Amino acid sequence: MNTRSIRFRLTVWYAGLLALLLILFGGVIYFTLERFLERNLSDTLAKDAQTIGESWIRDIDQSPPGYVAAEIEEHFAPTVTGRFVRVTRQRDGSVLYWSGTPESGTFDPKQIGPKQFDVSQSLREEHLPAGRELLIFSLLFPDRAGNKYLIETGAPYEQVEHVLRELLISLAVAFPLIVGAAIGGGYLLMRNALHPMNEIATTAERITSRNLNERVPVVPTGDEIERMAVSLNRMMERLEDAFHHISRFSADAAHEIRTPLAIIRGELENALQAPGLTAELRETIGSALEETERLSRIVEQLLEMSRLEAGETLVERTRFDFADMTRTTVDQMRLLAEEKNLQLRFESTKPVDIEGDPLRLKQIVVNLVDNAIKYTPSGGWVSVSTFPQDGRVVLEVADTGIGIPKDATSQIFDRFFRVDKARSRQLGGTGLGLAIVKSICTAYNGSVTVRSGEGTGAVFRVELPLEKKS
Ligand SMILES: Nc1ncnc2c1ncn2[C@@H]1O[C@H](COP(=O)(O)OP(=O)(O)OP(=O)(O)O)[C@@H](O)[C@H]1O
Ligand SMILES: [Mg+2]
């Protein structure tokens, strides 16, 4: 998972914010409920004490002994409800009623501390062993004769704690569920929203100078991503226009230069035929003619490359045996190799049918074998092989020549690049041969690579798809 993606960051941000808000919300609920329950409990205790006072203490002098205790027992049943009740006479400290141990056994009434006769009413917390707490309300209540009685009513604080604990458990279960749902939902939502971005990136990645007519997909959602896709497409349109303009220009320029060059050549050839030329002049004209021929070749090659790059020359397509075509081409070039005293070998295991323009694909073989012969000193060998591999046809041209220095291998497919300019020029090279090979390979969705080191020979490997997909 990419933690730097917008999707991840937004989801984490929102989930974090939601969790924080939920914790705040839970905290507010918890403390509000705690206060409410406490007040509720103390109100109930006060009401009970008041009831005991008004119902039985006020007229205690008119009731038989044990009557108050029996009444309290009957009305409040403290042992059943888990409450604490104690009534004490202030004058002599004698206890009229003392509730027993509740059935739930939560506290022992005998442990409840000393009585307070000094205030008319108070609320106190009694701490019992085992961390228990009892909330006790005390009320000093007079009977008709003015004798005061301390009425104490209490209830375990546990009742409040129990509710609060339940609330905490509910919150602890609900919060992760809510946050989890928010994360899952947010992640899915973001994934759907950002999905077109990936497609746009994939398409944009695929677009090169040869398929500038492709466009990134536009999903009509009306959001920022749609706007970006539309803008990208408009930019691509402008680029395509500009690119076509440039390649048209190169092609036109090369085309225009061709005719005057042909005329110059013709005229120089005529001039050579003229009688009475001095040897010196003849040599000058001859050299000019040679240069003109070189220039014509360069112009032809440039024109061809412009066409290839503009994707114009791929209409010609036939099925033929690539291995057979390579064998014939190698045979045709055998004379060149023999002149340099080189061994030229060809190896092929079986026919490989390929779809494409035979003339153009032959040019790949010619240019590579020509280089291998040109850059291998006499006595060496050049080996050419073709074979199918993973749905592609592979052509390998290996030699035992001077090789290519490491730092130059990335540039040799550039136009006009030569490792040793002087030497290459001497050999008649212009540095366009490999650029053309690359253009053809690219036009056929293939590739060309080289393995070499200085002085160790070179192996050029071309891979072409068996079927041309358009
Ligand atoms: N088989 C090889 N062995 C060593 N160096 C090579 C080999 N093939 C190419 N090179 C180097 O790469 C450079 C570019 O090759 P490329 O075929 O593009 O141009 P060229 O052969 O100089 O000229 P052109 O092919 O246009 O006549 C060459 O000048 C040469 O330095
Ligand atoms: Mg060459």
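The values are calculated or read from the model by the stated rules, or taken from the named source; none is laboratory data. As the structure is a prediction and not an experimental result, all values here were calculated from the model. Backbone-built Cβ (ideal geometry, glycine too); neighbour counts: all protein chains shown. Ligands, DNA and RNA are excluded from the accessible area calculation, which covers all protein heavy atoms including side chains. Shrake-Rupley method; radii C 1.70, N 1.55, O 1.52, S 1.80 Å.
Quick one: in region 185-207, of everything that is closer than 30 Å to Glu309 by Cβ and open to solvent by 70 Å² or more (accessible area, probe 1.4 Å), which residue is farthest from the chain's Cα centre (by Cα)?
The extreme case among them is Arg206.
Going by the structure shown, is Gln411 within 39 Å of the chain's Cα centre (by Cα) and within 11 Å of ligand 1 (Cβ to nearest atom)?
Judged against the criteria, Gln411 is a match.
Okay, residues lined up against (1) in contact (Cβ under 8 Å) with a residue 24 or more places away in the chain; (2) more than 15 Å from Glu304 (Cα to Cα); (3) hydroxyl-bearing (Ser, Thr, Tyr):
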residue	(1), (2), (3)
Val419	no, yes, no
Ile436	yes, no, no
Ser439	yes, no, yes
Gly446	yes, yes, no
Val459	yes, yes, no
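Can you find a residue that is open to solvent by 30 Å² or more (accessible area, probe 1.4 Å), away from ligand 2 (no atom under 11 Å from the Cβ), in the same structural domain as Pro351 (by TED's automatic domain parsing) and in a loop (DSSP other than H, G, I, E, B) anywhere in region 421-441?
For region 421-441, residues open to solvent by 30 Å² or more (accessible area, probe 1.4 Å), away from ligand 2 (no atom under 11 Å from the Cβ), in the same structural domain as Pro351 (by TED's automatic domain parsing) and in a loop (DSSP other than H, G, I, E, B): absent.
Across region 37-59, what is the total count of residues that are polar (S, T, N, Q), open to solvent by less than 50 Å² (accessible area, probe 1.4 Å) and within 17 Å of Ser120 (Cβ to Cβ)?
1
So which of Ala174, Ala182 ends up being surrounded by 14 or more Cβ atoms within 10 Å (Cβ to Cβ), touching a helix residue (DSSP H, G or I) at 6+ places or on another chain (Cβ under 9 Å), at pLDDT 90 or above and not polar (S, T, N, Q)?
So the residue among Ala174, Ala182 that is surrounded by 14 or more Cβ atoms within 10 Å (Cβ to Cβ), touching a helix residue (DSSP H, G or I) at 6+ places or on another chain (Cβ under 9 Å), at pLDDT 90 or above and not polar (S, T, N, Q) is Ala182.
Going by what's in this entry, would Thr456 be described as among the hydroxyl-bearing types (Ser, Thr, Tyr), within 24 Å of Val330 (Cβ to Cβ), in contact with a Phe, Trp or Tyr (Cβ under 8 Å, 6 or more places away or on another chain) and assigned by TED's automatic domain parsing to the domain that holds Glu355?
no
Does region 425-434 hold any residues that are without any contact (Cβ under 8 Å) to a residue 40 or more places away in the chain and within 9 Å of ligand 1 (Cβ to nearest atom), and which are they?
Of everything in region 425-434, those that are without any contact (Cβ under 8 Å) to a residue 40 or more places away in the chain and within 9 Å of ligand 1 (Cβ to nearest atom) turn out to be Arg425, Gly431.
In region 95-122, what residues are assigned to a loop (DSSP other than H, G, I, E, B) and either touching a residue at least 60 places away in the same chain (Cβ under 8 Å) or within 18 Å of Thr51 (Cβ to Cβ) (or both)?
Selection gives Ser99, Ser120.
Out of (1) assigned to a helix (DSSP H, G or I); (2) open to solvent by 30 Å² or more (accessible area, probe 1.4 Å), the odd one out for Asp92 is which?
In the conditions (1) assigned to a helix (DSSP H, G or I); (2) open to solvent by 30 Å² or more (accessible area, probe 1.4 Å), Asp92 misses (1) alone.
Mind telling me which of the residues Arg392, Arg360, Arg418 ends up being farther than 15 Å from Phe460 by Cβ, near ligand 1 (Cβ under 9 Å from one of its atoms) and open to solvent by 30 Å² or more (accessible area, probe 1.4 Å)?
From the options Arg392, Arg360, Arg418, the qualifying one is Arg418.
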